[in-house]
Amino acid sequence: MPSRNAQEWMRLSLRTPGIFIFGLVLAPCGWVLNLTATVAPNWRTVENVPNTPTNEFIEQGIWDICRSVTTSTSSTCGLDDALYFGNDIIEVAQGLMVASLVVTLVGLAVAIPGIRCWKERPNWVVAGLGGLLIFISGVLAIIPISWYTHILEDISTVTPLGEIRVGYCIVLGFIGGIFEILAGFVMFIGICRCCGGKNRGEVRVEETGRSRFSARPQAQPRRVDVPSLRRDRSPAPSSVPYSRNSLDDDVSFPRAKSVGPGSINTSYSGRPYDADL
């Protein structure tokens, strides 16, 4: 049985494969969410802080700490908290979140030339390696967010602890990391052909009966028989004799005949009951 190599497969369409469209949509969305989770100061919220107004709460992130009031949209940021920033999770989160953002950009830069939407066959290996980098970037974002959530109430801080709640950065980071993991995994499975080539949108040449160099089978020209409109004239004379005079005599309606200028002919030809007026 002959070996089945890449030359024995052909694409069903010249459009970008669906796995790359899926990855190129989710990966940038995940990057934006991770960027927001990295720079926003709301990994956790401390409410009902002792010796503070009841409408005041503290927002703590991995780069900044802010004091906000529920009755106002303004916040006071840049608060000093050496004890909080000295926790191991904060240093690890800073490094891994920045690394995740950088690796995502590198993965997109590698995957886009490999996809090659303007050519018939993408470079599956290069695009798959780009998907692998995007997958790794999602994992790098999930690790610090999961760790921070696990020890949410154990992170030390100089702020008197009150009621601790998860900040919106944790939610955005989880969603962004999952987006990147899914995008990278789906793009990476294109590096190998599976499910009968369905992941690449390909089929075997012998299964379609097509040529490797033609996207569609050549249609056979249809033969259409058009009836001839030419009629042969018979040289034989008609079997019904007739003459011009006989036709004039058999006319059932009167024929006006001119007898001369200034005169009126009141006679009717071919009528058996001519009457004189």
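The numbers here are math on the coordinates, done by the rules we state, and not lab data. Here the structure is a predicted model, which is why all the values come from computation and not from measurement. All Cβ positions, glycine included, derive from the backbone under ideal geometry; neighbour counts span all protein chains shown.
Spin-label model, residue 51/residue 143: points 7 Å from Cα along the beta carbon direction are separated by 3.9 nm. Within the shell of other residues whose beta carbon sits under 9 angstrom from the beta carbon of residue 41, the net charge comes to -2, with Lys and Arg scored +1 and Asp and Glu -1. Under 17 Å from a label point set 7 Å out along the Cα-to-Cβ vector of residue 85, the amide N atoms of region 53-70 belong to 59-67. Its alpha carbons considered, region 14-166 gives a radius of gyration followed by a Dmax of 20.0, 68 Å.
The simple Förster model, with R0 at 51 Å and r as the Cβ-Cβ distance, assigns residue 35 and residue 223 a FRET efficiency of 0.20.
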